[in-house]
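Working notes, structure below.
The values are calculated or read from the model by the stated rules, or taken from the named source; none is laboratory data. These numbers were taken from a predicted model, which means no experiment stands behind them. Here the Cβ is made from the backbone with ideal geometry for all residues, glycine too, and neighbour counts use every protein chain on show.
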């Protein structure tokens, strides 16, 4: 089986809200979700493993291995989903999104889904604006109450967007909230401004109460961990390219 879930504890909640934030452009959604999870002290209750995840592990400073995985947390009537990477193929992203929705709907009967993502814009962004994409037209007016404009076109790539496909298929109301970020916010840094805008919106909608005064400081720790991940990723890519290069050379002799 290419994907499996490991439950760490038995969680008894009914009709929870699901909040999703996988790593993507500017690590906007990932940082926003990690920040909320840490602030409310949500507990991890499950992990998902897939053959579609990148083919390396992260080695921490103390020598411990950190596998690539999706992590599920809970607090009160909320389930939070994130991970240290997305599947590297479109097929893997679809499989993971489908698996998450099917498994959690079967077990907990999800009542609503909020996914977070980045909205790439050109030019300087002083105060990032948040846009919304919905699976049901009735949700448009709901978002407008919180000052969220509907996204007027385009597409959302990756699991943060794809998950709406399977939510709609299962009849679960779902929203993707996208915060403005710049196209060059890749690499070792998180777009904290964009993430903060998402945190403010999602906590306003859901009623989650957190103190955000330390968000800039938390970003520094996040970026240290991110640097280790990117270094491991780049090493793996380099090794794979070298293998391909050596394999290609064999055809010349």
Task: Given (1) more than 22 Å from residue 165 (Cβ to Cβ); (2) surrounded by fewer than 22 Cβ atoms within 10 Å (Cβ to Cβ); (3) at pLDDT 95 or above, index of the condition residue 95 fails - done: (1)
Open item on the list: When you scan segment 208-222, do you find a residue that is in a loop (DSSP other than H, G, I, E, B), within 16 Å of residue 20 (Cα to Cα) and at pLDDT 70 or above, even just one?
Closed with: yes
Task: Single condition residue 63 does not satisfy, out of (1) touching a residue at least 24 places away in the same chain (Cβ under 8 Å); (2) assigned to a loop (DSSP other than H, G, I, E, B); (3) surrounded by fewer than 19 Cβ atoms within 10 Å (Cβ to Cβ) - done: (1)
Task: Pick from segment 37-54, criterion in contact with a strand residue (DSSP E or B) (Cβ under 7 Å, 6 or more places away or on another chain) and buried (at least 19 other Cβ atoms within 10 Å of the Cβ), ranking: farthest from residue 198 (Cα to Cα) - done: 50
Task: Residues located in segment 104-133, provided they are in contact with a strand residue (DSSP E or B) (Cβ under 6 Å, 6 or more places away or on another chain), surrounded by fewer than 20 Cβ atoms within 10 Å (Cβ to Cβ) and under 14 Å from residue 172 (Cα atoms) - done: 112
TODO: Can you confirm whether segment 228-247 contains a residue that is surrounded by fewer than 18 Cβ atoms within 10 Å (Cβ to Cβ) and at pLDDT 90 or above?
DONE: no
Task: Selection count, segment 125-140, where residues are closer than 15 Å to residue 112 by Cα and in contact (Cβ under 8 Å) with a residue 40 or more places away in the chain - done: 4
Open item on the list: What pairs come out if I take residues in segment 141-169 that are under 10 Å from residue 117 (Cβ atoms) and pair them with residues that are exposed (fewer than 15 other Cβ atoms within 10 Å of the Cβ) whose C-beta lies under 9 Å away, six or more apart or interchain?
Closed with: 157/90; 161/155
Open item on the list: Of everything in segment 67-92, what is buried (at least 17 other Cβ atoms within 10 Å of the Cβ) and under 18 Å from residue 157 (Cβ atoms)? Give them in sequence order.
Closed with: 70, 81, 82, 83, 85, 86, 87, 92
- [ ] Restrict the check to segment 40-49 and report whether at least one residue is touching a residue at least 40 places away in the same chain (Cβ under 8 Å), more than 20 Å from residue 96 (Cβ to Cβ) and either in a loop (DSSP other than H, G, I, E, B) or touching a helix residue (DSSP H, G or I) at 6+ places or on another chain (Cβ under 9 Å) (or both).
- [x] yes
- [ ] For residue 17, indicate whether it is within 18 Å of the chain's Cα centre (by Cα) and modelled with pLDDT under 95.
- [x] no
Open item on the list: Cβ contacts < 8 Å: first residue at negative phi, restricted to segment 98-111; second residue surrounded by fewer than 13 Cβ atoms within 10 Å (Cβ to Cβ) and in a helix (DSSP H, G or I), any location; separation 6+ or different chain. Result?
Closed with: 101/169
- [ ] Can you confirm whether segment 68-81 contains a residue that is outside any strand (DSSP E or B) and either closer than 15 Å to residue 161 by Cβ or touching a helix residue (DSSP H, G or I) at 6+ places or on another chain (Cβ under 8 Å) (or both)?
- [x] no
